[in-house]
Structure formats: structure tokens, C-alpha cells
1. For the subset of the range 52-61 comprising residues that are in a loop (DSSP other than H, G, I, E, B) and either free of Cβ contacts under 8 Å to residues at least 24 places away in the same chain or touching a helix residue (DSSP H, G or I) at 6+ places or on another chain (Cβ under 8 Å) (or both), which member is surrounded by the fewest Cβ atoms within 10 Å (Cβ to Cβ)?
2. Out of the range 67-84, which residues are free of Cβ contacts under 8 Å to residues at least 40 places away in the same chain and in a helix (DSSP H, G or I)?
3. Of the residues 108, 117, 71, 85, which is touching a helix residue (DSSP H, G or I) at 6+ places or on another chain (Cβ under 9 Å) and buried (at least 17 other Cβ atoms within 10 Å of the Cβ)?
4. Of the residues that sit in the range 125-142 and are within 11 Å of the chain's Cα centre (by Cα) and part of a loop (DSSP other than H, G, I, E, B), which one is nearest to residue 49 (Cα to Cα)?
5. What's the number of the only condition in (1) surrounded by fewer than 14 Cβ atoms within 10 Å (Cβ to Cβ); (2) in a loop (DSSP other than H, G, I, E, B) that residue 64 fails to meet?
6. Quick check on this structure: which one of 101, 91 is loosely packed, with under 13 Cβ neighbours inside 10 Å and touching a helix residue (DSSP H, G or I) at 6+ places or on another chain (Cβ under 7 Å)?
């Protein structure tokens, strides 16, 4: 390898945190306080599908998908969800934003410097995880998604005997 390539690789490794390359845990844990003061614990959701959506108030695709995610979660009795506000802003700004754009799932603010350990650091927003009833990650989406995307991922993740 040429010296400049080695230098660039070394600089890249020093600049990019290892967590950016971390894979999502097979059965991730997530326990966060929501903006309404309640606790969301992924472990307590076993037996149902869970949509975990990383988003931000400044992210146009995130804002565009919120009504559809909300409708999907509200329309399925076996699905719950949580929005993880992934931005460095005041909590009140997010609360004010949600007053204008309400959703039917809880929201928690995530520290961008200390994101949940069992999930890969988002490389873009929105990033959405679909967690299967057994607690495993059924699918990770990067970019905006639709109800149809979630339906297809759920169908693909179900054992053949359930399809």
C-alpha cells in the first residue's frame, strides 16, 4: 500500500468512532425515559412487533413519514413503537414540535454523544428498526419508510407456518 493510502486509512480510523461500525445486537435492549416521563423498555414488549424510529425535528423525510408510522402503529394491535429524537437540542423544542405534529407513539430524546449501545449509531435519518416478537431485529431501514415497507418486512420475518 502506498504511504498516502496508509496515512488516509490511519486518519479515517482515528476520526470515525468504532461505534459507527458496530452492528446491532441480535436481541437488543433499549430502556429510555420518554418525553412524558414514562419508561419505555423494549424487553417488556416481547410478544409484539416494535418499530424503533430514529428521527430529528430538522429532518424533512423524518417529518414526512411520521403520520404514516403513527397510523401503522395505531392500526395494529400487535405493534408498538417509539420515536428516538436523535438531535442535540433542548427537550422543550421537541415537545413544542410534537404539539404541532402529534404522533400515536411515545418519543424519547437520545443523547447523540451516547446513543443506545445495542443499536448501531445512525448513519442517516430516518433510521428505523423493526423488532420481531421474539426480540430480534427483523429489519433495519435507512431512509423514509411506508406502512407497506413495514407490512412486507413483517411478512418476510414470520416463520413459514404463520404466513
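Each reported figure results from applying straightforward, stated rules to the coordinates on display, with no laboratory input. Model, not experiment: these values are computed from the prediction. Heads up, the Cβs are rebuilt from the backbone with ideal geometry, glycines too, and the neighbour counts pull from every protein chain shown.
1. 57
2. 67, 70, 73, 74
3. 85
4. 126
5. Here residue 64 clears every test but (2).
6. Details: 91 fails: touching a helix residue (DSSP H, G or I) at 6+ places or on another chain (Cβ under 7 Å).
Selected residue: 101, the only one of 101, 91 that is loosely packed, with under 13 Cβ neighbours inside 10 Å and touching a helix residue (DSSP H, G or I) at 6+ places or on another chain (Cβ under 7 Å).
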